[in-house]
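Below is one structure, written out as structure tokens, with a few remarks after it.
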Amino acid sequence: AKEFGIDDALQKLGIKDINEGTSTGSVNFGSGDIISSYSPVDGALIGKVKTTTASDFEKVMNSATSSFKTWRTTPAPQRGEIVRQFGDKLRELKEPLGKLVSYEMGKSYQEGLGEVQEMIDICDFAVGLSRQLHGLTMHSERPGHRMYEQYHPLGVVGIISAFNFPVAVWAWNTALAWVCGDVCIWKPSEKAPLCGIACQNIAATVFKANNLPEGISCLINGDYKVGELMTHDNRIPLVSATGSIRMGKIVAQAVASRLGKSLLELGGNNAIIVTPDADIKMTIIGAVFGAVGTAGQRCTSTRRLIVHESVYDTVKDALIKAYNQLRIGNPLDENNHVGPLIDTAAVTLYEKALKQVEEEGGKMIVEGGVLKGEGFESGCYVKPAIAEAKNDFGIVQHETFAPILYLLKYSGEVQNAIALQNGVVQGLSSAIMTNNLREAENFLSCAGSDCGIANVNIGTSGAEIGGAFGGEKETGGGRESGSDAWKIYMRRQTNTINYTTELPLAQGIKFDL
Ligand code: UN1
């Protein structure tokens, strides 16, 4: 890692001590066990982080609730100005942070930079939004009355994020929540805790420079038990969680049992439909990036290709050719396309999935396997694989967080492909490759894709921040990032004001004293 400047990056991000347990600022009160973060790139220890105990959490909560009192009364455009400064710091630190993301998580350096760019983009979006937290005005049915609605800050927002987007998903939530006047407590994935420390350091610098309490941004560390401190705590009105469907069901039930709100962004099982009219060159780029980018560890990764029988062999041959050209290796080396999986546990799940697809009758057309030898010492590097399969295979119905692509065939009308695409429990992202307007519009219609994201002539991954991001069914129904996703971070209040000397009742009710 040395030759790629990791030491320098860590230093720029304020991560100094790899042995003592890295702690930062005043709001990381960790005094619990230590998590060691190892890089999947080379297996080396990057740093150690102290976890948050229940009593540490009380201190964090106190810091968050007292900071909320200051922050909620700071005018929204001024809150936007703080987010603008935060975005500027991210611009300054884009390279070291992108590098840390790449080294701790394993995605390519280009994708690491792209992730930081998403953070910058959402900051810009949030700055504009800070002057546009609009409510509606209504016409009262009573004379001399005015009715309107306003959005107030909600309170402490809990954020639970996953290892695969260790910094961007936090930023989508926190940048919006901050301009909305909320304070945030973030539990990053225990698989990428240093990314959390780095972001907290950046946020803390900005709050300090503006004489604002650091508790507007709080960090807690640890596994699901630390997350449970948030899901069960009724001082946290909203918990935003990104991760597996299994995790989402537990979070949703815990938060619902105290009638809190949750924003869930869970698994995907995303497909690209390739119709007879598809541009094959575009299809291959979109499908290969979607399937092997981030080593298949995006919730928007392409897991299924649903190909019309008339172009099936052409697509199959082009895919095999493209996969043969993939270079797998150190993601910091920009010559490589595919980096490692997050850890060896993920490698085991990948191997199990490959075994299962064959047991269910699938046929490998690009063989997988775990890479060994020089450069692959971490044991986390695997070969992207493609299997011909059927949609109703158990393994095809399941989201395996690895670069395995299932090739499915359809015949007849586009509706048959749409039925396959919708025939899974997940509903995050979907795409169709076609130059046929009738097929495209069918896919986008109410009888078309049932996903939160439906693209035409674009793959399933790589969404821009300007749209609302999330999905239906077991993907959890939440929407983050752009459009009007901000509304969930605020509480809505309806106000009716009477400026007469009479007190008429609504619905014309007579009540004379
Ligand atoms: C995720 O995998 O949790 O659309 C988020 C994309 C990225 C975000 C993915 N912008 O692929």
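Each reported figure results from applying straightforward, stated rules to the coordinates on display, with no laboratory input. What you are looking at is a predicted structure, and each value in this text was computed from that prediction instead of being measured. When we count neighbours, we look across all protein chains shown, and the Cβ atoms used for this are built from the backbone with ideal geometry, even at glycine.
Under the Kirkwood approximation applied to all pairs of distinct alpha-carbon atoms, what is the hydrodynamic radius of region 394-513 in Å?
18.2 Å
I want to verify the translational diffusion coefficient of region 448-513 in µm²/s; compute it with Stokes-Einstein, Rh as the Kirkwood radius over Cα pairs, at 10 °C and 1.306 mPa s.
The diffusion coefficient I find is 97 µm²/s.
Tell me which trypsin sites (Lys or Arg not before Pro) from region 335-416 have a DSSP coil assignment and no more than 14 other beta carbons within 10 Å of their own.
Answer by residue number: K372, K390.
Can you give me the three principal axis dimensions of region 234-334 from its C-alpha atoms, in Å, biggest first?
Over region 234-334, Cα extents along the principal axes are 56, 36, 18 Å.
Arrange the following residues from fewest to most other Cβ atoms within 10 Å of their Cβ: M490, M364, M247.
M364, M247, M490
Sort 421-432, 377-388, 437-448, 74-85 for me by packing, meaning the mean count of neighbouring Cβ atoms within 10 Å per residue, highest on top.
421-432, 377-388, 74-85, 437-448
Excluding residues fewer than 8 places away in the same chain, name every one of the lysines whose C-alpha is closer than 25 Å to that of K69.
Cross-link targets: K59, K187, K208, K261, K487.
Considering the Cα trace of region 58-124, what is its radius of gyration and what is Dmax, both in angstroms?
15.4, 41
What percentages make up the Cα-Cα pair-distance distribution of the chain when the bins are 20 Å wide from 0?
In order of increasing distance, the bins hold 23, 51, 22, 4, 0 percent.
Counting Lys +1, Arg +1, Asp -1, Glu -1, what net charge surrounds G243 among other residues with beta carbon under 14 Å of its beta carbon?
Taking every other residue near G243 into account, the sum is -2.
What's the FRET efficiency of T500 with S244 using the Cβ-Cβ distance as r and R₀ = 51 Å, to the nearest 0.05?
Taking R0 as 51 Å, the efficiency between T500 and S244 is 0.35.
Under Stokes-Einstein, with the Kirkwood radius over Cα pairs standing in for Rh, what whole-number D in µm²/s applies to region 317-432 at 37 °C and 0.692 mPa s?
D = 211 µm²/s.
Please give the charge dipole size of the chain, origin at the Cα centre, charges +1 on K and R Cβ atoms and -1 on D and E Cβ atoms. Round to the nearest 20 debye.
The dipole magnitude comes to about 1180 debye.
Using a Förster distance of 56 angstrom, determine the FRET efficiency expected from the C-beta separation of R258 and L444, and round it to 0.05.
0.90
In whole percent, what relative contact order does the chain give with Cα contacts below 8 Å and a gap of six or more residues?
In percent, rounded to a whole number, it is 17.
Any idea which of G508, N436, I15 is furthest toward the positive side of the dipole for the chain, if Lys and Arg beta-carbons carry +1 and Asp and Glu beta-carbons -1?
G508
Could you please report the charge total around T275, scoring K, R as +1 and D, E as -1 over all other residues with beta-carbon less than 12 angstrom from its beta-carbon?
Taking every Cβ under 12 Å from that of T275, the sum is -4.
So what's the net charge close to I328: Lys and Arg +1, Asp and Glu -1, counting the other residues with Cβ under 15 Å from its Cβ?
Around I328, the charge tally is -3.
Which of H337, H308, H145 comes first, and how do the rest follow, when ranked by fewest Cβ neighbours within 10 Å?
Exposure proxy ranking, most exposed first: H145, H337, H308.
With N residues in region 133-276, what two-decimal value do you get for its Cα radius of gyration over 2.2 N^0.38 Å?
1.27
Restricted to Cα positions, what overall size does region 283-341 have along the principal axes? Three whole-Å values, descending.
Sorted from largest, the Cα extents of region 283-341 read 40, 24, 14 Å.
Rank S130, I280, G268 by how far each Cα sits towards the positive end of the charge dipole of the chain (+1 on Lys, Arg Cβ; -1 on Asp, Glu Cβ) and give me just the farthest.
After comparing all options, I get S130.
Only loop residues by DSSP count here, and only those with at most 14 other Cβ atoms within 10 Å; note down the trypsin sites (Lys or Arg not before Pro) in region 257-344 that meet that.
Loop-located and lightly packed - R258, R327.
Amide H to amide H, which residues 5 or more places from S240 or on other chains are under 5 Å from it, using H placed in the peptide plane?
Excluding prolines and chain starts, which carry no amide H, the hits are G158, I159, I160, L263.
Tell me, what ³J(HN,Hα) does each residue in region 494-500 have, in order and in whole Hz, if you take phi through Karplus 6.51 cos²θ - 1.76 cosθ + 1.60 with θ = phi - 60° and put x for Gly and Pro?
These are the phi-based 3J(HN,Hα) values: 9, 10, 10, 10, 9, 10, 10 Hz.
On a C-alpha basis, how far is the centre of region 275-319 from the centre of region 206-236 in Å? Whole number, if you could?
One Cα centre to the other: 41 Å.
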